[in-house]
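See structure below.
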Amino acid sequence: MSMKTFSFILTPAVLMLLLAAGWTSAYKPVILVHGVLSGPRSFKMLTGFIKKAHPGTKVTAIDLFNYGNSTEPMWKQVEGFGKVIQKIMEKSPEGVHLLCYSQGGLICRGLLSTLPNHNVHSFIALSSPLAGQFGVPDVLLRYFPLSARELVYLLCYTKDLQESISMCNYWNDPHRRRRYLKYSNFLPLLNGEKPHSKMAAWRKNFLRIKKLVLIGGPDDNVITPWQSSFFGFYNHNEVVVEMKEQTFYKKNTFGLKTLDTRGDISVCSQPGVKHVKWHSNKKVFDKCIKKWLD
């Protein structure tokens, strides 16, 4: 049979019949991880965007640590999400895409560092406090009776709060560096700012990803500073130091510089988007997300 004849036979109608008969999608499965005080239902519109752009894609919004339970300690969530996601990956030998929103981005960083055989292709961090948080959103004030951010460290940098509230695990007070390194049991370990015996293994695991996609913007109003979505953060004078000037980048403690050298970091800044709208904004999907799910 000639290629011309074959092309004629594979009309759109025939292709639809083949899909209905069991042909699977050529697109990798997409796994979604929600943020703090949220749950899988928040991804309804995003799931629709993905399936419309890439028909047949299997999209899974993980139903775990939802809403109030999302304030459980970060390592506990990393372990829980990791077990569920690992089962999905085992059924997807072609690889998966991991799209993680807000606090979920740090959870995904944790599991990507600690899972030695993951097969994540694109890791997309959607408005996540990747370098930490130094601002209390109104929605979380009930968890922090001291509303002044300068005093939050008195709560967060204690053993009890480190073992009970997720946000404390990535609270990064630029004026209390020593206390951050002494008490914080999550972010400094991920960043390699607090040396530990598993640093080399975690870096190797993290570097299994093929692409790191960082998405954020100046009008977020929750991630503080907003450049934390791009691994930027305050110095002790509250001046934002960009990713490439961060010590963890220069020392390549968890592989960030290696990814950048490989050309595998994509940064997408989008103005005019509030924090709660990132996953329902079609422009953000089209500009920042869609091509990385091909």
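The values are calculated or read from the model by the stated rules, or taken from the named source; none is laboratory data. What you see is a predicted model; the values in this text were computed from it and never measured. Glycine also receives a Cβ, built like all others from the backbone with ideal geometry; neighbour counts cover every protein chain displayed.
Within segment 226-241, the set of residues being touching a residue at least 12 places away in the same chain (Cβ under 8 Å), under 16 Å from Tyr180 (Cβ atoms) and outside any loop (DSSP other than H, G, I, E, B) comprises Ser228, Phe233, Tyr234. Comparison of Ser25, Ser7, Ser38 shows that the only residue that is at pLDDT below 95, hydroxyl-bearing (Ser, Thr, Tyr) and not in a helix (DSSP H, G or I) is Ser25. With respect to the conditions (1) among the aliphatic types (A, V, I, L, M); (2) over 30 Å from Ser197 (Cβ atoms); (3) not in a loop (DSSP other than H, G, I, E, B), Ile223 lacks only one, and its number is (3).
Cβ-Cβ distances below 8 Å connect the following pairs, each with a first residue in segment 45-74 that is more than 24 Å from Cys156 (Cα to Cα), a second residue that is of a type in the set (Asp, Glu), and a separation of six or more residues or different chains: His54/Asp294.
With respect to the conditions (1) touching an Asp or Glu at 6+ places or on another chain (Cβ under 9 Å); (2) without any contact (Cβ under 8 Å) to a residue 60 or more places away in the chain; (3) part of a helix (DSSP H, G or I), Lys283 lacks only one, and its number is (1).
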